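Read the figures in this text as sums done on the coordinates, not as results from a lab. Values in this document were obtained by computation on a predicted structure and should not be read as measured data. Don't worry about glycine lacking a Cβ; one is built from the backbone with ideal geometry, like all the others, and counts go over all protein chains shown.
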Amino acid sequence: MNLTFFSTLNAVIRRGSFAAAAADCNLSPSAVSLQMKRLEEHFGQLLFDRSGAHVVPTPSRTRWWA
């Protein structure tokens, strides 16, 4: 697990979108998406609801990140 993924995770949570987090982290939006997918695979659960215009943390993400 790459620890920079957690910095990216923090940026996604703060900014509410992969594109905005990508700009903050000097990454492409697809790189941010891939990092979040890897974290979800590592933890075995979805971290974000991606159904709307913004990504929203799921309740499971809120439990371990709080």
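Regarding VAL32, is this residue in contact (Cβ under 8 Å) with a residue 40 or more places away in the chain and touching a Ser or Thr at 6+ places or on another chain (Cβ under 9 Å)? Break it down into steps so the answer makes sense when it comes.
Details: in contact (Cβ under 8 Å) with a residue 40 or more places away in the chain: no; touching a Ser or Thr at 6+ places or on another chain (Cβ under 9 Å): yes.
So VAL32 does not fit the description; no.
Among the residues of region 1-30, those that are hydroxyl-bearing (Ser, Thr, Tyr) and under 23 Å from PRO59 (Cα atoms) comprise THR4, SER7, THR8, SER17.
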